[in-house]
Structure formats: structure tokens, C-alpha cells
Amino acid sequence: MSEPQLVKVGIQGAQGSFCEEAAVDFCRRHGLDNYRPEYLITSARVMSAVESGEVAYGVMAMENAQGGVVIESMYALASVRCEIVEMFHIVVEQCLLSHPGLAIGDITEIHSHPQALRQCRNYLADHFWTRPLVDEDDTAAAAKLLADEKLPSTAAVIGSRLCAQLYGLEILTEGIQDLKNNLTLFLGVKK
């Protein structure tokens, strides 16, 4: 018997992103056992890869219960003809991550995707109201930047538990999102 063909799935995010978690869920539900994620970071790159046939499917975030519509995904979706395979939700639990040993009081700035920063608005206002909040392209990409020492060693990032494991970061606080049932709507598309 021949090996089933490898299916490429483009995701909006880096390794360890919530979109990767959504893509795993999407592939499981659609019987895509032999797939490889393509970490395309932005919705525009996902949609371009779907349109060109570089990937068979694309998965991207469309809306979060707290953070609202993901504008970049709306623009990307409007720019390309595609078939929507499925719209589905996953629960997103945001964590505050740092280099091991950094005390919360020593954090000088916080980096993450604008959606993640919006989802944690109250927590950030209560605990870090004097610290700069810096927009990044992706939660997992921000975690990788911190791990690769491309951000200040006193910076923290908002991301997933998986990011902490993948990039050797410490979870300072779990569940920092303002809504405890923090649902994000994802879209699975194909050409």
C-alpha cells in the first residue's frame, strides 16, 4: 500500500500559536491524519498560499469574544476567492510568559499580538498600567523572539502554555484573559 499524500495546512501563526491548536483540531475533525503545518504567520500569507495552491487548506482566527473581529483576517478573506470548509471555536487561555527567574515586578514591557493584548486588557491595566504594550505579528512569534533573545531580557509575552514548553519560557501567570470562557472563532478554508 502507498503512503497517503502529505497535506499542507497553512496557519496564521508560528509554532505554538493558538492557530496551530485550531489547525490540529480542524485536521482531526476532517480526517486529515497525514498533514504538515506551514507556519505562515499572517492571514494574508495564509490566503495567498491557499489561492496559489501552495497549501491545501488554511486556518486563521476571525473573531474573539473579548478582542473582537480580527481585522487582518477580514481583509485577507475579502481579497481571495476560496471555499469556507468550516467555522469553529476553540477556548483560548492566555498566559504571561518570561525568561525563567524573572520576577513579575521586574517586567519592563509586554509583547504579543494585538488581539491577545485586547483579550487581557483588564489584567494588564490592573498589573502593568505603567509598562509599554508592544504589538507583534503573532503570540507564538513573540515567544520565540523572547526565547531567541531578540527582545529585552526583562520583557514578557502573552501566549499559550505550549509556547512556554516549546521555547523554554516560564509561565508567570495562567488564565490572564478577561473572559474566562475566551472563545475564538476560526475559519478553515480551501481553494
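Only the coordinates and a few stated rules stand behind these numbers; no lab work does. This is a predicted model, so every value here is computed, not measured. All Cβ positions, glycine included, derive from the backbone under ideal geometry; neighbour counts span all protein chains shown.
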Semi-axes of the equivalent ellipsoid for the range 95-174, Cα gyration tensor, largest first, Å: 16, 14, 12
Hypothetical label at residue 190: residues of the range 67-85 whose amide nitrogen lies under 12 Å (7 Å Cα-Cβ projection): 83-85
Would you please calculate the Kirkwood hydrodynamic radius of the chain over all C-alpha pairs and express it in Å, rounded to one decimal? 16.9 Å
Spelling it out for residue 108: with amide H atoms placed in the peptide plane at 1.01 Å from N, the residues 5 or more places away or on another chain with amide H under 5 Å from its amide H are 155, 156
Using only Cα atoms, tell me the angle between helix 18-29 and the longest principal axis of the chain; keep it within 0 to 90° and round to the nearest 10. 30 degrees
Rounded if a/c under 1.5, otherwise prolate or oblate - the range 1-53, Cα gyration tensor axes: oblate
Return the single residue from 53, 31, 168 with maximal mean-square fluctuation; model: Gaussian network over the chain, springs between Cα atoms under 10 Å. 31
Loop-located trypsin sites (Lys or Arg not before Pro) in the range 1-84, at most 12 other Cβ atoms within 10 Å (DSSP): 81
Relative contact order for the range 95-174: what is it in percent, counting Cα pairs under 8 Å that are at least 6 residues apart? 51 percent
Hey, what's the Cα Rg ratio for the range 35-144 versus the globular rule of thumb, 2.2 N^0.38 Å? 1.24
To the nearest 500 deg cm²/dmol, what mean residue ellipticity at 222 nm is calculated for the chain from DSSP H runs of n ≥ 4 alone, each contributing -39,500 (n - 2.57), summed and divided by the residues? -8500 deg cm²/dmol
